[in-house]
Amino acid sequence: MSTWTIKAEPVIDRDVDEVTRQYFTEMGRRVLGRSATEAELRAVLVEDPHHALSPPDGEFLVARNGEGEFLGCAGLRLLRGDPESAELKRMYVRPAGRGAGLGRGLLLAVEESATRLGAARIVCETNTQLTEARALYIRHGYKETSPYEGHGKADHWYAKVLS
């Protein structure tokens, strides 16, 4: 059985930068159907609102194995126009962490963080090609909803009321 820990870490870090590149590279391949160019990667890294995944209105959670290896991450931020809603951002599990329930662990940790920040619901957006993410959200009580104040080019939007 794989073990890991999930805790808040600064979103600005060398490990985070490398994993963010991996995340956007994989999203380009899966969503665009091709590899993203270096120029596209640089542009999306500049445009992505990662700074919002920090206190006081956000948090960035990192999963590491017992040796400290970065296995996955998930961020959240309170929405400016709706501070009772938190948005799940940049959830990613590296290949070394897949298949052991880490996605579920990150999702539950984000929901706990959102509740601590005062959110009454959590929202997220994704694309049709990301079938694993869509299935995970549905399994954990997320319902498809209309688009909200997000960014990117999503095909599906989800929301869940937090208890």
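Quick rundown of the values:
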{"quantity": "Residues located in the range 14-41, provided they are of a type in the set (Gly, Ala, Ser) and assigned to a helix (DSSP H, G or I)", "calculated": "Gly28, Ala39"}
{"quantity": "Glu67 being open to solvent by 20 Å² or more (accessible area, probe 1.4 Å), among the charged types (D, E, K, R) and part of a loop (DSSP other than H, G, I, E, B)", "calculated": "yes"}
{"quantity": "The range 21-41 - residue that is more than 18 Å from Ala154 (Cα to Cα) and either within 19 Å of the chain's Cα centre (by Cα) or of a type in the set (A, V, I, L, M, F, W, C) (or both) and, of those, surrounded by the fewest Cβ atoms within 10 Å (Cβ to Cβ)", "calculated": "Ala39"}
{"quantity": "Residues (of a type outside the set (A, V, I, L, M, F, W, C) and either modelled with pLDDT of 95 or more or buried (at least 23 other Cβ atoms within 10 Å of the Cβ) (or both)) located in the range 73-83", "calculated": "Gly75, Arg77"}
{"quantity": "Criterion violated by Leu106 - all others in (1) closer than 16 Å to Trp157 by Cβ; (2) at pLDDT 95 or above; (3) surrounded by 22 or more Cβ atoms within 10 Å (Cβ to Cβ) satisfied", "calculated": "(1)"}
{"quantity": "Within the range 2-16, considering residues that are of a type in the set (Ser, Thr, Tyr) and surrounded by 12 or more Cβ atoms within 10 Å (Cβ to Cβ), the one nearest to Ala96 (Cα to Cα)", "calculated": "Ser2"}
{"quantity": "Residue identified as in a strand (DSSP E or B), in contact with a helix residue (DSSP H, G or I) (Cβ under 8 Å, 6 or more places away or on another chain) and hydrophobic (A, V, I, L, M, F, W, C) among Leu107, Leu88", "calculated": "Leu88"}
{"quantity": "Residue among Arg42, Arg104, Arg80 that alone is basic (Lys, Arg), without any contact (Cβ under 8 Å) to a residue 40 or more places away in the chain and farther than 23 Å from Ile6 by Cα", "calculated": "Arg42"}
{"quantity": "So Glu59, is it touching a residue at least 60 places away in the same chain (Cβ under 8 Å) and closer than 23 Å to Ala159 by Cα", "calculated": "no"}
{"quantity": "Leading residue by the ranking (nearest to Ile12 (Cα to Cα)) among those in the range 64-105 that are of a type in the set (A, V, I, L, M, F, W, C) and more than 12 Å from the chain's Cα centre (by Cα)", "calculated": "Phe70"}
{"quantity": "Residue that is most open to solvent (accessible area, probe 1.4 Å) [pool: residues in the range 42-57 that are part of a helix (DSSP H, G or I) and under 15 Å from Ala74 (Cα atoms)]", "calculated": "His51"}
{"quantity": "Tally of residues being in a loop (DSSP other than H, G, I, E, B), surrounded by 14 or more Cβ atoms within 10 Å (Cβ to Cβ) and touching a His at 6+ places or on another chain (Cβ under 9 Å) across the range 110-163", "calculated": "2"}
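The values are calculated or read from the model by the stated rules, or taken from the named source; none is laboratory data. Note that the structure is a prediction, hence the values are computed from the model and not measured. Positions of Cβ are backbone-derived with ideal geometry, glycine not excepted, and every protein chain shown enters the neighbour counts. Accessible surface is based on the protein model in full, side chains and every heavy atom, while ligands, DNA and RNA are left aside. Shrake-Rupley method; radii C 1.70, N 1.55, O 1.52, S 1.80 Å.
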